[in-house]
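Notes follow the structure.
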Amino acid sequence: MVKASKRCETRPASGIRKMSVMAAGYTNVLNLGLGEPDFNIGGNIAEALKKAVDAGKNKYTPTAGIPELRAAVARKLKRENGIDCDADSILITHGASEAIQTGILGTTDVGDEVLLPDPSWPNYQGQAHMAGCKIAFYPLLEKDGFHARAEQIEKHITPKTRLLVLNSPSNPTGGVTTKKELLEIAELVKKHNLAVISDEPYEKLLYGGAEHVSIGSLPGMQDYVFTANTCSKTYAMTGLRVGYLQGPKDTMTKIVKIQEGSSSCVNAPAQWAAIEAFEGSQSYVSEMLAQYTARRDLLLGGLNSLPGVTCLAPEGAFYAFPNVSNLGKSQQVAEDWLKRAQVVTIPGSAFGEAGEGFVRVCFAVSEATLKETLTRLGSIFQELPAK
Ligand SMILES: Cc1ncc(COP(=O)(O)O)c(C=O)c1O
């Protein structure tokens with residue numbers, strides 16, 4: 001039998017998957033493990049998708065994406081993010097996942113070091129690994145509200161560091177890095193001549209007055225920053241697989257070649273639907289945000305009332321990241337909650353060493369599910385600890 005490559009064999013496995021596999025052994029499970037909106041796509045987006053299919057827009061598109069969508073993304077970046085860029089500097093991708101993978105492949109060579117947040121979305125590690133890069137981490141600390149901080153990043157920069165990955169609002173912590181903090185990081189980026197991938201899928205899911213700032217909009221940063229984003233979270237379009245990567249034009253022109261070989265182009269009707277997502281009515285986005293806000297408040301109050309658990313208020317995304325270190329190791333706590341309450345959460349250790357002591361609880365589930373979760377968790381704290 002043909003063996004898988006070393007590259008595949010050694011790709012780090014995701015701890016998120018491990019909990020899903022364990023959960024499959026239980027019934028009546030409440031799954032707060034998956035990071036996926038529980039809403040369907042907006043009616044206007046579904047209409048645009050159907051219209052494109054009916055109009056026969058089902059063929060290959062230009063590799064970088066249809067010009068209409070690239071222009072719509074350029075307008076969106078200017079209008080919402082303050083990034084003034086040409087459509088030519090944008091690659092339409094299969095979600096943020098492919099934007100990041102392509103961005104890493106396009107800015108690093110084998111052996112270069114990539115600096116990742118810890119804790120962070122586990123796929124960054126797999127993506128850097130696939131590109132043959134060495135991986136280093138900078139911590140997001142609870143005492144800093146899980147914000148990215150220049151002083152923490154600088155400690156981990158070496159002469160080999162080529163690329164810095166930022167993710168705000170953050171998965172898994174819900175932290176939102178401020179403009180002041182990003183300005184300090186921007187200085188560091190220029191000083192060390194780093195490429196930056198700024199992964200911003202949760203940019204519109206903000207709570208309690210938190211503000212999203214794209215580092216690509218800061219003075220002088222257009223030469224360094226690749227902004228990765230997606231329709232997945234904001235528009236509940238996870239399965240349509242549309243995202244983008246925007247960066248310095250000369251580099252982007254070359255990066256397009258990576259997509260040419262891997263997939264030729266993104267699904268054509270989904271690209272037309274994405275134009276509607278960016279340029280059509282945004283009222284559906286506000287409605288979803290209102291629901292996420294109510295759920296976040298409900299979950300936050302409930303988690304903080306559990307003995308020994310403390311949780312910072314998530315400023316963005318749809319994750320709470322409670323500190324459960326008083327209860328044991330995060331893997332053990334997540335397994336205990338699964339066994340005794342059939343509640344699926346993800347151990348913080350699945351997101352990196354600095355995630356130890358926390359669990360990720362996703363609130364992209366109904367209020368009824370959250371209430372039942374809190375009732376079940378509350379009741380296990382009344383019982384004797386599991387043996
Ligand atoms: C931080 C982060 N980046 C990227 C992605 C990938 O999103 P997409 O569905 O657009 O590939 C996710 C998905 O969970 C995420 O949480």
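Quick notes on this one:
- Stretchable slack from ASP84 to THR251, in nm (0.36 nm times residue separation minus alpha-carbon distance): 58.5 nm
- Taken over the chain, the convex hull of the Cα atoms encloses 154 Å³ per residue.
- Charge context of PRO67, other residues only, Cβ under 12 angstrom, K/R +1, D/E -1: -2
- Residue pairs, from the table LYS18/LYS160; LYS78/LYS179; LYS143/LYS329, whose Cα atoms sit over 22 Å apart: LYS18/LYS160
- Nonlocal amide H pairs with TYR319, under 5 Å, H built at 1.01 Å: PHE363
- Stretch gain in nm, segment THR10-HIS156, where the contour uses 0.36 nm per residue and the Cα spacing is subtracted: 50.2 nm
- Acute angle (nearest 10 degrees) that the helix 95-107 long axis makes with the longest principal axis of the chain, alpha-carbon atoms: 60
- Positive contributions from Lys and Arg (+1) and negative ones from Asp and Glu (-1), summed over other residues with Cβ under 15 Å from the Cβ of GLY132, come out at +2.
- Sequence of CYS133, CYS8 once ranked by neighbouring C-beta atoms within 10 Å, starting from the fewest: CYS8, CYS133
- Once the C-beta distance of LYS190 and SER262 is scaled by a Förster radius of 25 Å, the resulting FRET efficiency is 0.20 to the nearest 0.05.
- Cα gyration tensor shape of segment 79-210, rounded if a/c is under 1.5, else prolate or oblate by comparing a/b with b/c: rounded
- Here the dipole of segment 334-387 is about 160 debye; that uses its Cα centre as origin and unit charges on the Cβ of Lys and Arg (positive) and Asp and Glu (negative).
- Residue-count net charge about VAL176 - beta-carbon cut-off 11 Å; Lys, Arg +1, Asp, Glu -1: -4
- Cβ-Cβ FRET estimate between LEU183 and ASN326, R0 fixed at 51 Å, reported to 0.05: 0.90
Only the coordinates and a few stated rules stand behind these numbers; no lab work does. No experiment lies behind these values; they were computed from the predicted model shown. Reconstructed Cβ throughout: ideal geometry from the backbone, glycine too, with neighbour counts over all protein chains shown.
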